[in-house]
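Working notes, structure below.
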Amino acid sequence: VQLQASGGGLVQPGGSLRLSCTASENIYSLNVMSWYRQAAGKQRELVATIATRGGSINYGDSVKGRFTISKDNAKNTVHLQMNNLKPEDTAVYYCYARRGSEFSWGQGTLVTVSS
């Protein structure tokens, strides 16, 4: 599956952004879709994940209560709504999808939180 991510940009602390990841095929055929991020000099970390059929959701501890992952089945798209952004949220955000033992990464989209 191919993944197309969009929605990154520059935002001030306390602001909001919404990232979108569109899959090239029906997301019901997948197991999970997730967002990861990687800040400069740091390891890639899980931000949020959603089961494409059951809808169960998990968040990384650093974003709980601020970020919301959701899916639009009709558009084969997963969104990440990011509120109350902090400078430490600055990173390249990557979309990820898994089906069984197969997985795909989208291109990264840069989120910069700075005044």
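The values are calculated or read from the model by the stated rules, or taken from the named source; none is laboratory data. Everything numeric here is computed off the predicted structure, so don't read it as measured data. Because the Cβ atoms are built from the backbone with ideal geometry, glycine has one as well, and the counts that use them run over all protein chains shown. Note: accessible area is taken over every heavy atom of the protein model, side chains too, but ligands, DNA and RNA are not part of it. Shrake-Rupley method; radii C 1.70, N 1.55, O 1.52, S 1.80 Å.
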Item checked: Estimated FRET transfer efficiency when R0 is 25 angstrom, pair Ser16-Ala39 (beta carbons, to 0.05) -> 0.85
Check: With Cβ to Cβ distances under 15 Å as the rule, what net charge do the other residues near Thr109 carry (K, R +1; D, E -1)?
Finding: +2
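What full-extension length gain, to one decimal in nm, is calculated for Phe103 and Arg66 as 0.36 nm per residue of separation minus the Cα-Cα distance?
On the way: separation 37, 0.36 × 37 = 13.32 nm, distance 2.68 nm.
Contour length minus the Cα-Cα distance gives 10.6 nm.
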Check: Carbon and sulfur: what percent of segment 19-67's accessible surface (1.4 Å probe)?
Finding: 45 percent
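Among DSSP beta bridges lying fully in the chain, give the percent that are antiparallel, nearest 5. Please list the in-between numbers first.
On the way: 39 of 42 bridges.
Taking every DSSP beta bridge with both residues in the chain, the antiparallel ones total about 95 percent.
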Next item on the list: Scan around Phe67 for amide H atoms under 5 Å from its own, H built in the peptide plane at 1.01 Å from N, and keep only partners 5 or more places away or cross-chain.
Entry: Asn83
